[in-house]
Amino acid sequence: MTEPTALAATSVSTNATCTQLGDIEVTANGATPGYTYSIDGTTFQNSNVFNVNNGSYSIIVQDANGCRTNIQQVVNLTNDLTLQTRTDTTICLGASIVLNTSSTANGYSWTGQGLDNNSIANPTAAPATPGVYTYQVTGTLGQCTATDDVVITVEQSVVIEAGQDVSIIKGETVQFNATATGADTYTWTSNPNDPSLTATNILNPAATPDVTTTYTLVAVNNQGGCRATDQFTITVIPYCIKVNNAFTPNGDGINDFWLCYDSYDCLKNVSVNVFNRYGSKVFESKDYRNNWDGRYKGKSLPDATYYAVIEFTLVSGKKVTVKTDLTILR
């Protein structure tokens, strides 16, 4: 009688993944064929293949006569879960940001303030106050989990007021009156270009424009990149004061009225007083409109030289007083 060879066994494994089992395949030889296999020491099966999670296993091989041998096998894990959220970012207060995430996960859980949805891959974060905020995402895929963090820095927003629109008489200078909070640098531009602008990189320069001009302010927070834009317009009105020192109210339709201005566009009000050589007032108007024809109490004044005091109130609020001789000739 021939003694059978000793029972022996070898095994190989295939790695498990996050969502799929690995396997162990056993090869037995020797002893008496009719092999059965057990991975728990109790239940034996005819198949030499076990589908298992990753881990360490002790496998028993038994031949037809009940002889046994034991082998060890490790099933490794191929982690096919990837997870990467966006890079750390700075935003301005009042802005929101999408936390874009690249991942093979099929489930997500976010922590952090101001999220619109903490269970999706790409939620939107809108922190309510300036500060530094850390958001953490946990991704799951089967038996695997992974985490990643992103830091969002919220800078104070920039708030500016370029100033109110203003009207001036040509030749007047406007001192800007802009306000700003949260900004480090300022840039002024003008349309059309105004070479009289005293500076373009300070908050409140001055300008003496020749024509109506719109000025645009861009204020920037250099650390966070926050910016704001505002503008205002200086309307330039041509200087319209032109006081004639003589007129001829003879009814010929030419120079019959005393003219103090070319147009009323640059004026809010004109007040006039006219005196004769004795200092007696012969004409007065609190709202003069180039309409005096040389009469006093309904009668024509005699040809003579008189003395006039005119007070102009410009649209800018500035007052201009003109004193002049005034000759009536017929």
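The numbers here are math on the coordinates, done by the rules we state, and not lab data. Note that the structure is predicted; figures quoted are calculated from it, not measured. Counting neighbours? That spans all protein chains shown, and the Cβs are built from the backbone with ideal geometry, glycine included.
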Q. Taking the Cα centre of the stretch 159-237 as the origin, how large is its charge dipole in debye, to the nearest 20, when only Lys and Arg (+1) and Asp and Glu (-1) carry charge on their Cβ atoms?
A. 80
Q: Could you list, by residue number, the cysteines of the chain that have no other cysteine's beta carbon within less than 4.7 Å of their beta carbon?
A: Cys67, Cys260
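For the stretch 1-52, run through the chymotrypsin sites (Phe, Trp or Tyr not before Pro) and keep only the ones in DSSP coil with at most 15 other Cβ atoms within 10 Å of their Cβ.
Details: sites: Tyr35, Tyr37, Phe44, Phe50; in loops: Tyr35, Phe44.
Filter output for the stretch 1-52: Phe44.
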Q: Distance between Cα centroids, the stretch 172-207 to the stretch 56-75: provide it in whole Å.
A: 87
**Q.** Near-label residues of the stretch 250-268 by backbone N, under 17 Å of a point 7 Å along Cα→Cβ of Ser300
**A.** 250-258
Q) Under 21 Å Cα-Cα from Lys268, which lysines qualify once same-chain neighbours fewer than 8 residues away are excluded? A) Lys170, Lys242, Lys286, Lys318, Lys319, Lys323
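How much length, in nm to one decimal, is gained on full extension between Asp256 and Lys286, taken as 0.36 nm per residue of separation minus their Cα-Cα distance?
Details: separation 30, 0.36 × 30 = 10.80 nm, distance 2.05 nm.
Extra length from Asp256 to Lys286 when fully extended: 8.7 nm.
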Q) (i) 5, 21, 19, 14, 13, 13, 9, 4, 1, 0; (ii) 5, 23, 26, 19, 14, 8, 4, 1, 0; (iii) 5, 15, 11, 10, 10, 9, 7, 7, 6, 5, 4, 3, 3, 3, 1, 0, 0: which one is P(r) over Cα pairs in 10 Å bins from 0, in percent as calculated from this entry? A) (iii)
